[in-house]
Amino acid sequence: MKIPNGQQIIEEFEKWSPKYLAMEGDPIGLHVGTLNKKVERVLVTLDVDEAVVDEAIEKGAGLIIAHHPPIFRPLKNLQTDFPQGRLMEKLIKNDIAVYAAHTNLDVAWGGVNDLLAEALGLSETSVLVKTYEAELVKIAVFVPESHEDQVRKAFGDAGAGAIGDYEHCSYTLSGTGRFRPTASADPYIGEAGKMEQTAESKIEVVVRKAEKDRVIRAMIAAHPYEEPAYDVFTLENKELPMGLGRVGRLKEEMSLDAFVEHVKSSLDVPFVRVVGTGDETIRKVAVLGGDGNKYIQQAKRAGADVYITGDLYFHVAQDAQAIGLPVIDPGHHVEKVMIRGVVDHMTAKGANWQCEFLPSEVNTEPFRLK
């Protein structure tokens, strides 16, 4: 097993949660330090505060993957007498890099909103607010039969062939390849100046256009030929729309009051704020992690019986009440579901690495009920 560097870890992470899924202006990506180093431990956290940094130091983590960006607005200074400056000083002195995946992780399939929907036991889920619809291309490459499995694996590992809930999807045709190497060639098969033919396979995969270049690089690296022959076709069909929030159904309907208790238990929160009388019947649920104030109308139009989101404003609560939409506010901190989700995903993807992905055990919830 090899120790990965930070670049390899984040490259794997971004196959799942690419930067282009983020909302405009969201300050995602590397915030502190460098990824150009070996990393044996990664701490996954919702927030980056001084207690989390101390935890990273204690656990020997060289990289923190966070959901909430630690530098959300431009810093005017880094005075180490103040909390923000002191935090940055600790990170730099202890060579700890910080990478943030915010709204891109909210939007990604299997990301924050899917994790919340899963925790609530929702089925038949769909996107609440559409924000991205990927253009698709098809890549077709000709490869000797002896290397087709190797090239197919390279395609799949690079993220090609992902269709809905399936991955590593491809199609293969068999045929005969013909070519004549020139005098300056260094052919894998055949001799310079002589016509050659060999049994080849044509492998076809579908990939998001935004990821095309990376996938082609991975294919070329796995291909035995000096000059692989491949085609790229633009497709008119699009990927399923992606976006913020999810809408799904409960297995059994229940009253709003009963559902409130279900939310508290499922999302591990001690209290919630509720808009509604309590006796409304709940079956269809909309959920959006973080601050979802501006999406109450989308939840209503989606036919949701209740909308779950955090940081609910007073006047937005009144608006929801006016349109007859019950709302449950479990707070912003429920996005902590991403900690275990990221740890599990990256542990599986990095199974051949000598690298631990550790869940933060620090509670960064600032509120308590009295």
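To the nearest 0.05, what FRET efficiency results for Arg217 and Asp54 with a Förster distance of 35 Å applied to their C-beta separation? If you can, show how the numbers build up before the last one.
Values: r = 39 Å, r/R0 = 1.12.
The pair Arg217/Asp54 has a calculated efficiency of 0.35.
What is the magnitude of the charge dipole of the range 288-370 about its Cα centre, with +1 placed on the Cβ of each Lys and Arg, -1 on the Cβ of each Asp and Glu, and no other charges, expressed in debye to the nearest 20? Walk me through the numbers on the way to the answer.
Values: 8 positive and 10 negative charges, 26 e Å.
In total the dipole reaches around 120 debye.
As an exercise, identify the trypsin sites (Lys or Arg not before Pro) in the range 167-209 lying in DSSP coil whose Cβ has no more than 16 other Cβ atoms within 10 Å. Before the final figure, lay out each step's value.
On the way: sites: Arg178, Lys194, Lys202, Arg208, Lys209; in loops: Lys194.
Answer by residue number: Lys194.
Taking every DSSP beta bridge that has both residues in the chain, what percent is antiparallel when rounded to the nearest 5? Present the calculation step by step, with values, prior to reporting the outcome.
Numbers: 45 of 65 bridges.
Among the beta bridges of the chain, antiparallel pairing accounts for roughly 70 percent.
With a point put 7 Å past each Cα toward its Cβ, work out how far Glu196 is from Glu145 in nm, to one decimal.
Output for this residue pair reads 1.7 nm.
With only Lys, Arg, Asp and Glu charged, each at its Cβ (+1 for the first two, -1 for the last two), find how big the charge dipole of the range 1-117 is about the Cα centre; round to the nearest 20 debye. Intermediate results must be reported in sequence, preceding the final value.
On the way: 12 positive and 17 negative charges, 79 e Å.
It comes to approximately 380 debye.
Using the charge dipole of the range 28-127 (Lys, Arg: +1 at Cβ; Asp, Glu: -1 at Cβ; taken about the Cα centre), state which of Ala100, Phe82, Ala56 has its Cα farthest towards the positive end.
Highest projection toward the positive end goes to Phe82.
Please compute the Kirkwood hydrodynamic radius of the range 1-105 from all pairs of different C-alpha atoms, in Å with one decimal. If you can, show how the numbers build up before the last one.
Working: mean 1/r = 0.0712 Å⁻¹.
In the range 1-105 this quantity evaluates to 14.0 Å.
Could you give me D for the range 68-157, from Stokes-Einstein at 25 °C and 0.890 mPa s, where the hydrodynamic radius is the Kirkwood radius over C-alpha pairs? Units µm² s⁻¹, please. Walk me through the intermediate numbers first.
Details: Rh = 18.3 Å.
It comes out at roughly 134 µm²/s.
Go ahead and collect, in residue order, the members of the range 211-253 whose backbone nitrogen is under 11 Å from a label point 7 Å along the Cα-Cβ direction of Phe179.
Zone members listed by number: 224-230.
Using the Cα centre as the reference, give the magnitude of the dipole from point charges on the C-beta atoms of the chain (Lys, Arg: +1; Asp, Glu: -1; all else neutral), rounded to the nearest 20 debye. The partial results should precede the final answer.
Values: 41 positive and 56 negative charges, 89 e Å.
Result for the chain is approximately 420 debye, rounded to the nearest 20.
How large a share of the accessible area of the range 107-209, in percent, is made up of carbon and sulfur atoms when the probe is 1.4 Å and the other protein chains stay in place? Intermediate values should be presented prior to the final figure.
Details: 2540 of 5530 Å².
The computed percentage sits at 46.
For the range 264-370, which GluC sites (Glu not before Pro) are both in a DSSP coil and crowded by at most 14 other Cβ atoms within 10 Å?
Working: sites: Glu280, Glu335, Glu356, Glu361; in loops: Glu280, Glu361.
Those satisfying the criteria are Glu361.
Against the empirical 2.2 N^0.38 Å scaling, what ratio does the C-alpha Rg of the range 256-370 come to? Intermediate results must be reported in sequence, preceding the final value.
Working: Rg = 16.7 Å, N = 115, 2.2 N^0.38 = 13.4 Å.
Computed over Cα atoms of the range 256-370, the ratio equals 1.25.
Relative contact order (percent) for the chain, with alpha-carbon contacts under 8 angstrom and 6 or more residues of separation?
20
Can you give me the C-alpha center-to-center distance between the range 62-87 and the range 161-202, rounded to a whole angstrom?
50
If all Cα-Cα distances of the chain are sorted into 20 Å bins from 0 onward, what percent lands in each bin, rounded to whole numbers?
Going from the shortest bin to the longest, the percentages are 25, 48, 23, 4, 0.
Take Phe233 and Asp81, extend 7 Å from each Cα along the Cα→Cβ direction, and tell me the distance between the two endpoints in nm.
With each label point 7 Å from Cα toward Cβ, the separation is 6.8 nm.
Among Ala134, Gly324, Ser170, whose Cα lies farthest out toward the positive end of the dipole of the chain, if unit charges sit on the beta carbon of Lys, Arg (+1) and Asp, Glu (-1)?
Of the listed residues, the answer is Ala134.
Out of the range 1-50, which trypsin sites (Lys or Arg not before Pro) are coil in DSSP terms and have no more than 14 other C-beta atoms within 10 Å? Before the final figure, lay out the partial values.
Details: sites: Lys2, Lys15, Lys19, Lys37, Lys38, Arg41; in loops: Lys37.
Listed in order of number, the matching sites are Lys37.
So if we plug the beta-carbon distance of Gln354 and Ile163 into 1/(1 + (r/R0)^6) with R0 = 30 Å, what FRET efficiency do we get, rounded to 0.05? Numbers along the way, then the final one.
Details: r = 32 Å, r/R0 = 1.08.
The pair Gln354/Ile163 has a calculated efficiency of 0.40.
At R0 = 30 Å, how high is the FRET efficiency between Arg368 and Lys90 if r is their beta carbon distance? Nearest 0.05 is fine.
Values: r = 26 Å, r/R0 = 0.86.
Calculated transfer efficiency: 0.70.
The values are calculated or read from the model by the stated rules, or taken from the named source; none is laboratory data. The structure displayed is predicted, hence computed values, not measured ones. All Cβ positions, glycine included, derive from the backbone under ideal geometry; neighbour counts span all protein chains shown. When the accessible area is computed, the model is the full protein with side chains, heavy atoms only, and any ligands, DNA or RNA have been set aside. Shrake-Rupley method; radii C 1.70, N 1.55, O 1.52, S 1.80 Å.
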